[in-house]
Every structure is written in structure tokens, then in C-alpha cells.
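Since the structure comes first, as C-alpha cells, the remarks are kept for the end.
FYI, it's all coordinate maths here, none of it is from the lab. Here the structure is a predicted model, which is why all the values come from computation and not from measurement. All Cβ positions, glycine included, derive from the backbone under ideal geometry; neighbour counts span all protein chains shown.
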Amino acid sequence: MPRKLGTIYPNAMKKGIYIRTDELLEAIKALEVYLSNLRRVKRDRYYWKWAIIALHNSVQGFMVSALRGTNGLAVLTPECARAWMDAYRNRTPYPKEKLDDFLNLYKKIKSNLMLQYGQSKKFTPKGQQGWSIKKLNALRNEFIHFTPKGWSLEVSGLPSICEDLLSIIDFLANSSGNIDFYQQSAEKRFQDALDKAKTLTKELRRAYAT
């Protein structure tokens, strides 16, 4: 699919002030935001909210990066992918791209859609990873679509959930064979954030268990 450069304000390009990103940078940045908010959790447990939202965004970004392949159709909703192919065959205008939802992307990384190259591997869940990714999605949605109410969230189990999600990111980035870090600096930046996130998440799990 063609790359797009979006602007927030109509005159942004005239001033030369804009944001440049892509699916892999989105995933790495979100992981760094997760780490940043996890550090704040030690002082204020409320920052679990932003850690959850950021980790959800990062997992989604790495699923998209692993599934995109050469044409990006695997990350779209089935209806959108069909419409895009119809437009390609008929030489008609392409439809607006619509990303598939989070849990459907999770199903796809467990499917043969991941087998895009000779070295590709699909994801096989272990332990409670399947439960953890559904729980993370539910918590993220609760925060994003928050309705008027009082709500208490038990946080002692969150580090274990997050460890499961970090292991999924680790597989997608380092073992699936589908993600090519376009720059060595990007790969180093990712690995540094992942290692620190794993360490701090484990520390919180141990602290909550005492």
C-alpha cells in the first residue's frame, strides 16, 4: 500500500513542522512510553492507566509490523482487504484503509498469514498469554471509553499480564522472522526499551507479591 504523510494543520507543511512516523516507529515509541509510565507507577499507581494504554498500542504496532508483508493487506479488516484488491484489479480508486481490530490481529499472528517468508514463524501462545492479551484489551477499552462511574482496579496482577504481553512483543520482533529493523539504531533502541521494560515489570511483580 502507498505510504501516507499526514498533517494535523493545513499549513503545517509550509512551516516545515510535522510528525513523521511508521508502523514500526509507532510500536517502539509506545514501548518507550510504557516504560516511562511504569517508572511513574512506583510513585503513583494511577499511571498504570497510561502504561496499559501504551503497552496495548505497542503490541498492536508490532502485530501490524509482523503481519504487513509486502502489500499490507493482512492487517486490514477482511472487507477492506477485499475492497482494496477489487480496486487494484479493476483500476478503480482505492478505499480508505481500515485496520482490523486488536483481537483479530492477535488471531492473525497465530495463523498462516504470518508465514510470509522462508524464515517466518507464527505465534504459538504459552501459559496464559491468550488470556492476558484479552485482559489487556479489555482494560485498555475500559480506560479509553470510560463512562461516568467510580471504579477500583486491582493492580497486583497487572505485572504478570504485562510480562506476557512483553514476551509476545519479543517473539514478534526477534523470532517471527517478519520484522526488519530498517536501522541498527532503531533495533538497539527497541531492544534497550524491551530489556528495561521486562526488568522493571518483573520488579513490580515481585514487589506486589510481598
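Provide the per-residue ³J(HN,Hα) series for the stretch 150-158, in order, calculated from phi with Karplus coefficients 6.51, -1.76, 1.60 and θ = phi - 60°, each as a whole number of Hz, with x at glycine and proline positions.
Values per residue, Gly and Pro as x: x, 9, 10, 10, 6, 9, 5, x, 5 Hz.
Quick check: from the Cα gyration tensor, does the stretch 1-152 come out rounded (a/c under 1.5), prolate or oblate?
oblate
Taking amide H atoms as placed 1.01 Å from N in the peptide plane, list the residues 5 or more away in sequence, or in a different chain, whose amide H sits under 5 Å from that of LEU76.
ASP100
When a/c is below 1.5 the answer is rounded, else prolate if a/b is larger than b/c, else oblate, so apply that to the stretch 74-142 with a ≥ b ≥ c taken from the square roots of the Cα gyration tensor eigenvalues.
Oblate is the answer for the stretch 74-142, as a/c is 1.5 or above yet b/c matches or exceeds a/b.
Roughly what angle does helix 129-144 make with the longest principal axis of the chain, taking Cα atoms, 0 to 90 degrees, to the nearest 10?
With both axes taken from Cα atoms, the answer is about 90 degrees.
Which of GLN184, GLN60, GLN116 ends up with the largest GNM mean-square fluctuation for the chain, with Cα atoms connected below 10 Å?
Highest fluctuation of the listed residues: GLN184.
Among MET63, MET85, rank each residue by its count of other Cβ atoms within 10 Å, from fewest to most, as a rough exposure measure.
Listed from fewest to most nearby Cβ atoms, that is MET85, MET63.
So what is the 222 nm mean residue ellipticity for the chain from helices alone, if each DSSP H run of at least 4 adds -39500 (n - 2.57) and you divide by all residues, rounding to the nearest 500 deg cm²/dmol?
Value at 222 nm, helices only, nearest 500: -19500 deg cm²/dmol.
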